[in-house]
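Structure record follows, encoded as structure tokens.
The values are calculated or read from the model by the stated rules, or taken from the named source; none is laboratory data. All figures in this text were calculated on a predicted structure; none of them were measured in a lab. Glycine also receives a Cβ, built like all others from the backbone with ideal geometry; neighbour counts cover every protein chain displayed.
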Amino acid sequence: MSKQNKGKVWLVGAGPSDAGLFTLKGKAVLEKADVVVYDKLVGQGVMAMIPGHVRKISVGKTAGHHPIPQHEINRILLEEALAGNRVVRLKGGDPFVFGRGGEELELLCEHQIPFEIVPGITSAVSVPAYNGIPVTHRDCCSSLHIITGHTKKSEEAEVDYEALVKVGGTMVFLMGVTAMPKICKGLLDAGMRADMPAALLERGTTAHQRRVVSTLASLPEDAKAAGLKPPAIIVVGEVCALSEEFHWAEDRPLGTMKIAVTRPKDRSSALAEKLAELGAEVALMPAIETAPIEENTRLEEALDRIGEYSWIVFTSVAGVQTFYSAMKARRMDVRSLAGIRFAVIGTGTAKAVEKQGIFVDLMPEVYSGKALGELLARTVKRQERILIPRAKIGTEDVIRPLKEAGLSFVDIAVYDTREIKQTGIYDDSVDLVAFTSASTVRGFVKQNPDADFSGVKAICIGEQTAAAAKEWGMQVAVSEKATIDSMVEKIQELAR
Ligand code: SAH
């Protein structure tokens, strides 16, 4: 096989977990991958960036278990590359910091497979940072040592403690939870002060990160009492004491919350960004997707005679987008809408209409279909025709008041909502699930058939969404208004 037909391997560091700490280059490479071979330590947020069509191969290791031996991983990378694929080998932290990145390259080199390395942010530095521990500080240390608590040949670390104690500086031990008593004893025996500050930092950069800050002599006992488990790093050095003053991650308004967002992927960003800004760990779990209705003759007919309408009513951003795409496809622009007035359900939809160059004329104070229908019934004159391009599964709420008022309207389904088939993505590490429509609730339930829904804390927009969540026994809170801002406010209230 000639070299051109071979694929290529990118060895990519995923960072410590927080998706915001993944590099721009790593993300760009992921988006063009054919196959991703990933570890257990790769954060969920980074995993969510893998496009849906990309093949995923898990080679995850948990402490003490090696479900897939290293030579097997090497072989998978080689075979996928030989098959002509763009292979991303995604690893926690940095691929070359105790990540066996070097070993994985050896076989590729032997077979002349082209590769690139995309470094990642290592947990050795970032996990202390998220716990308010600067790994170096001018006042107290002049070196930083990153040490494995676990070596290839035996369970015990072969560490020269005497040398370490002599050099001094901050010491960071990875993979050291099991060996912690031995590590601490090794340092004590080599002459380190018993009251040297030391810390164990668990699941750093996630919403559920925990730390125990103690002394070298007491850390094993204190960490055991607190029940800390891997993945965790041990930090030994004066800098550990600084976390008392410098801690910050968990102090952010949503710093201890992992929140699942179930909106369609193309509409999740505003909510996800706001939550992340407030410190939340956001897990994207899109439960539905929207798709325009193909060959929509009713919509085409309405567009043919658009001049006959006095009002266009939008109840969702998807409705606005689909309507304008249909216009664009026939090379119609806003001039053909001259004189038509626009009514929308709420501010999100209003913004979408504004993007098309039109300010809306009517919006209810209460953001609901019923309120919009009633407002229209009061405002629209008998001889005026109304066009409502909206979801196929739209409720009666908007149109009931119009019917009662004897108004003439045309209700056209322009897009449909589909549930996304993907199972088992929710687990009880999620503190809160955000639902923005009843269809997201239904999609979520179908995706996670085995979940205990009575344990799900749901934050819902609107009473209909809340009713759907209650049907499944979820613990439900409802935002005051049907806006993303109001939902975010309610979430902050719950967090307090
Ligand atoms: N290449 C990785 C390290 C791989 S070794 C890096 O650069 O970070 C695996 C060890 O990394 C774990 O046993 C644990 O000690 C540490 N680790 C990785 N992610 C961590 C996290 N989010 N919180 C705490 N420790 C972590």
Qualifying positions in the stretch 439-466 - within 11 Å of ILE288 (Cβ to Cβ) and either surrounded by fewer than 21 Cβ atoms within 10 Å (Cβ to Cβ) or of a type in the set (S, T, N, Q) (or both):
SER439, THR440, ARG442, LYS446, GLN447
Identify the single condition in (1) closer than 23 Å to THR205 by Cβ; (2) charged (D, E, K, R); (3) touching a residue at least 40 places away in the same chain (Cβ under 8 Å) that GLU308 does not satisfy, given that it satisfies every other one.
(1)
Select from the stretch 138-162 the residues that are over 32 Å from the mean Cα position of the chain (by Cα) and of a type in the set (Gly, Ala, Ser) and write down the one among them that is modelled with the highest pLDDT.
SER143
Check ALA14 against each of (1) touching a residue at least 60 places away in the same chain (Cβ under 8 Å); (2) over 20 Å from the mean Cα position of the chain (by Cα) and name the one condition it does not meet.
(2)
Exactly one of (1) modelled with pLDDT of 95 or more; (2) surrounded by 20 or more Cβ atoms within 10 Å (Cβ to Cβ); (3) of a type outside the set (Ser, Thr, Tyr) is unmet by ARG252. Its number?
(2)
Does PRO95 count as within 13 Å of the ligand (Cβ to nearest atom) and either within 24 Å of VAL261 (Cα to Cα) or at pLDDT 95 or above (or both)?
yes
Could you name every one of the helices (runs of 4 or more DSSP H) located completely within the stretch 20-133 that has at least 2 residues being in the same structural domain as LEU201 (by TED's automatic domain parsing) and under 29 Å from VAL430 (Cα atoms)?
123-130
Looking for something over 17 Å from the mean Cα position of the chain (by Cα) and over 18 Å from PRO95 (Cβ atoms) - is there at least one such residue anywhere in the stretch 39-54?
yes
Among (1) under 25 Å from GLN422 (Cα atoms); (2) at pLDDT below 95; (3) within 16 Å of the ligand (Cβ to nearest atom), the one test that ARG89 misses:
(2)
